[in-house]
Structure formats: structure tokens, C-alpha cells
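Report on one structure; see the data block that follows.
The values are calculated or read from the model by the stated rules, or taken from the named source; none is laboratory data. No experiment lies behind these values; they were computed from the predicted model shown. For neighbour counting, all protein chains shown are included, and Cβ atoms are generated from backbone atoms with ideal geometry for every residue, glycine included.
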Amino acid sequence: MATRQTSDVPVNRKQSHNQGWLYRTMVSIETSLVFFGLFALIFLMGTVFPQSSEPDRLEKYGDAGGRLVGLAGSLNLLNVFHSWYFGLLVLLFTLHVLLCSIHRFDILRKRPKFRLFTRESLLRREISFSVTSSLPDAAANIEKKLRSMGFRRLKYYSEDAHLKRLIVEKGLPFRWLSWAYHLCILTALAGFALSYCFAFEDYLVLAVGERKAIRVRSPETNYQILKKLLRGSTDAPSRQIEIELARFRTEYTQRPVLQYPHHSFRRLLAVWGGGDETLHYQLTDDSLFVRDWFSLLNIYEEGRLIRKKEIEVNDPLRYAGLTFYQIGYDYECSLTVADELIPNVPAGEPFTIPQMEGEFRLNTPRLGTLFRYDGKIAVLSPTAELQYRPPALPRKRKWTTVADLPLAQTREAMHTRMTLNSIRQSSVLSYRYDPGVPLLWFAATAALIFMALRIYMPWYQVHCHADSSTGRIIIAVSIRLVGLFARPERLREKLKDALRG
């Protein structure tokens, strides 16, 4: 029994020592620097290697001539922010910030302890001075004068009638500000965790007048997948809504295009004012640029119209936790060539016409409202540009414009009658559910505010030592300060004037 008891004592001491070392390591500033260095390294890899979540990303990367394909595949460098080691690093960093916050809070909640100080020790400090007052009540009125300057008492010592010590402070408590932005970092990490577990994003293409049903919550989130693995069962059908595209419109604007000589030497002469050709701006048929897209959306739930809003690129629609963004457009045209109908021709994609060689392409039709350069507003007539590419070697094939096809009008192109019968407009929407966004916005904003206050706003702590044992009142003062806006010289002059009486 004695032998066992003796052998157990060193083991327990060693475990206690290891636990203390681990805790001190986790709450140290050196550990924070290590985490920041590792995050910087991973962010650098995410910048160097193209990031993608597609299953065949490694094959595409290799086909495009990417280097270190084997290393990129083994370390998941093409999707590094969803790799196991990045997730582990985030978890360890969260634990580190949590322990630092608890450790710091435990220190801050205790009242600070101040040691006794002498006049000589104060004057050895960096910002210190000494004043002499002939007023008999100068020592008794020190605290009153400092309170009138905005200071508050932290500690007061009065050993006898001749010796008094006082500690006061003024400004925002920088230690609590430091703890507050640590708490904001934890809140932001909680927001990231919510987004990782519950967020999802999907896309929707709606033609004008078309209505589609979507789920408010996705069964493919990380939380639902983990829930299915643990329970081995599927959830009940989730809530659904219907979204309809009532109208889609495009706004264009005119911008003059700079005209310049194509030959480099003539262009140089034109810049310096020589030669016959000059640099000038000109409005051409190609001077139209898209200014914005608008989609009028109707949201139905259980057959009833619940919400109606016209969205644009930077003005989304929010409903039931979902946010609908305008991200693009799509056009499909119906074309008649001679007497043959060619339906559902996607704009911008090559197609073939029977009994004609080569490939054809309809550029994106122009229809909508034009805000002219002279300030007037006009309505564009729906027109699509038809381009042709001959059957030659791929490197030599170029697209050339062969006709402009107005809607419902017949034009002759390449000795053939062609008619643009219809243009079907579609809106490309992205919708996303992310419950972590409010936490992230709040935490990021609050963290920046607290950090700015911690860095810039002044904080002062003043130690005063008043001694009247020699018949004169000698007051020694030292000043501690934090903050870029702190002005120690100005405060020192104010304190000298106030303490002299």
C-alpha cells in the first residue's frame, strides 16, 4: 500500500503540471500569433489555387495545365476552406478565443490591487512631475479637484494627517474594450457555425409568367445530413412557397466610345495633335450598355399572394428567411428560316440551320428602356443580331454579323428570308437561407467599433502622493495612458495648474 501511494504522488503532480502548462499555452499571445500565421498560410493557398466545390474540380484543374495536381488532390487545395484541417484549425482557434475570454474576464471582474508607492517611485516613472502648494487644504482637496476634471477614484490611502495617496482614472476602460471585441470574435465564430450547419443556396430560372415552387428549408444542409446519419430517417416535407416572375425589364444607357487610329504610329501622332486623324468620342450603334435589370416577383403561399416586389441587382427580396438576388438573365428566341421554324434558340449559343453550312448565333436581344446621352428616354424596338461562322478550322473561324432581325419582321440574310417570331425573357435568381448573417453583421460591426475605441480613445490613470510633513505640501504625480488620442502634455499642464491651488 505504501509503495502504491508513493508511486501515485509524482503522477498526479505531473498531470497537474501538464494541465497548467497546456492552459497557459492556450491563453498566451504567442498562441494567437501562431493561429494568425496558420490562417495566413491557408488564405495564401486559397488565393494561389483556384477554389471550386464541383466534384470534377481536380480534373478540370489538371486539364487547364495546373501544377502540383497530386498535392492539390491529397490536401484538397482546390476547396481548402472546406478541408478537414481548416475545420480543425477553426475549432482550435474558437477554443483558444473562448479560453482567453474566460481568463480575461476572471481577471477583470476582480477589483484591481494597488501596492503602496512612495514619492521617489512615482518620480522614476516615465510621465511624472512634482508640484508644491502653499495652501493648507491642498492635500484634502486633491480628490475634489480631480473629480472636477472627470476623474473617478480607484483607491485612497490616508495613513495619517500628513501623508495621503490617491489613484484615479479617466476615460473608457480599455481592458473591458479588449475583452468586448474578443467576445465579438466569439459571436462571429458562432455565426459561422450557424451558417455552416443550416445555410444553403440554390438558383432559379423563371420565364415571364412562369411560377415555380421551392422549399423554404433545404434537406441537404450539413445539419440535416448529420441528422439523417444519426437517426437513419428522413424528415417530414418542409414548408414550400411559390415564386412567379410577373415582369422582367432591362434599362440601357448610352456611352460615347473613344475613336482613335488603329495604327500605333498614327495613334501616337493623334495623341500629340499631329496627323490628319484626331481622338474623339462618338455615339455608335454599339454604344448601348446595360444599366440594370429588374424582376417583378410575386410570392404565393397556399395559393394566396403574400408578397410582391420588383428587385434589382443590389435590392433583393427577403421572405421567410430567404433572400432572392437578381444575378442574371436569359433569352430564348423563335426563328423562321424560309418556311422552317427553329424554336427555342438560346441567345448567345451556336446553332445550325438545315441545308446551310456553318454555325449561326443570335446575340442577346436588345429590348427595354434607353436613357439617351442627351437626357431623353426612349423605348427600344426588340432586335436581335444574327451572326455567322463559316465551316473552317477552329482557329480561323470568326463570327461576322449578317443581319439585324427586328421582332415580327422579315429580313433577308445570306439570300434567305428570316423572321424573328418571338423573344422569351427569363430572369436568373439566386436564393439563399443563412441564419448566421445577422450574427456576423452585428459581431463584425461591434468588433470594429470596440477595436477603434480601444486603439484611439484616451484612458488615463493618475497616481498622487501628497506629503505635508515638512510644512509645505509636496505633491508627486505620475500618469499612465492608453490610446492614440491621449495627450499627456496637455493633461500634465492641467494637473499642475489644478494642484498648485
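Here is how the numbers come out for the structure above:
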{"quantity": "Residue satisfying condition, being within 45 Å of the chain's Cα centre (by Cα), among the charged types (D, E, K, R) and closer than 30 Å to I243 by Cβ, within set R432, R454", "calculated": "R432"}
{"quantity": "Enumeration of residues in the stretch 388-446 that are over 25 Å from I311 (Cβ atoms) and of a type in the set (D, E, K, R)", "calculated": "R389, R395, K396, R397, K398, D404, R411, E412, R417"}
{"quantity": "Restricting the stretch 188-237 to residues that are within 28 Å of the chain's Cα centre (by Cα) and β-branched (V, I, T), the residue that is modelled with the lowest pLDDT", "calculated": "I225"}
{"quantity": "Extreme residue, nearest to the chain's Cα centre (by Cα), among residues of the stretch 238-258 that are without any contact (Cβ under 8 Å) to a residue 60 or more places away in the chain and over 16 Å from Y300 (Cβ atoms)", "calculated": "S238"}
{"quantity": "Residue within the stretch 174-188 that is assigned by TED's automatic domain parsing to the domain that holds V477, crowded, with 19+ Cβ neighbours inside 10 Å and in contact with a Lys or Arg (Cβ under 7 Å, 6 or more places away or on another chain) present", "calculated": "no"}
{"quantity": "Residue among S83, S52 that is in contact (Cβ under 8 Å) with a residue 24 or more places away in the chain, among the hydroxyl-bearing types (S, T, Y), under 26 Å from F192 (Cα atoms) and out of contact with any strand residue (DSSP E or B) (no Cβ under 8 Å at 6 or more places or on another chain)", "calculated": "S52"}
{"quantity": "Residue count for the stretch 300-322, restricted to those that are over 28 Å from E251 (Cα atoms), surrounded by 12 or more Cβ atoms within 10 Å (Cβ to Cβ) and not small (G, A, S)", "calculated": "1"}
{"quantity": "Pairs where the first residue, in the stretch 470-481, is touching a residue at least 40 places away in the same chain (Cβ under 8 Å) and within 10 Å of S130 (Cα to Cα) and the second is hydrophobic (A, V, I, L, M, F, W, C) and assigned to a strand (DSSP E or B), C-beta under 6 Å, 6+ apart", "calculated": "I475/V131; I475/A466; V477/F129; V477/C464"}
{"quantity": "Filter result for the condition that a residue is part of a strand (DSSP E or B), among the small types (G, A, S) and either free of Cβ contacts under 8 Å to residues at least 12 places away in the same chain or not assigned by TED's automatic domain parsing to the domain that holds V205 (or both), over A384, A403, A392, A378", "calculated": "A378"}
{"quantity": "All helices (runs of 4 or more DSSP H) inside the stretch 62-124 with 2 or more residues being under 24 Å from the mean Cα position of the chain (by Cα)", "calculated": "84-108"}
{"quantity": "Qualifying positions in the stretch 247-257 - exposed (fewer than 15 other Cβ atoms within 10 Å of the Cβ) and modelled with pLDDT of 85 or more", "calculated": "R247"}
{"quantity": "Filter result for Q425 (under 30 Å from L322 (Cα atoms), within 44 Å of the chain's Cα centre (by Cα), of a type outside the set (K, R) and in a strand (DSSP E or B))", "calculated": "yes"}
{"quantity": "Index of the failed condition, I353 passing every other in (1) closer than 21 Å to R417 by Cβ; (2) in contact with a Pro (Cβ under 9 Å, 6 or more places away or on another chain)", "calculated": "(2)"}
{"quantity": "Failed condition for L297, given (1) within 30 Å of S218 (Cβ to Cβ); (2) surrounded by fewer than 16 Cβ atoms within 10 Å (Cβ to Cβ)", "calculated": "(2)"}
{"quantity": "Conditions (1) exposed (fewer than 13 other Cβ atoms within 10 Å of the Cβ); (2) within 19 Å of T410 (Cα to Cα); (3) under 34 Å from the mean Cα position of the chain (by Cα); number of the one not met by P354", "calculated": "(3)"}
{"quantity": "Residue satisfying all of: in the stretch 104-124; surrounded by 15 or more Cβ atoms within 10 Å (Cβ to Cβ) and either touching a residue at least 24 places away in the same chain (Cβ under 8 Å) or not small (G, A, S) (or both); farthest from I479 (Cα to Cα) among these", "calculated": "R104"}
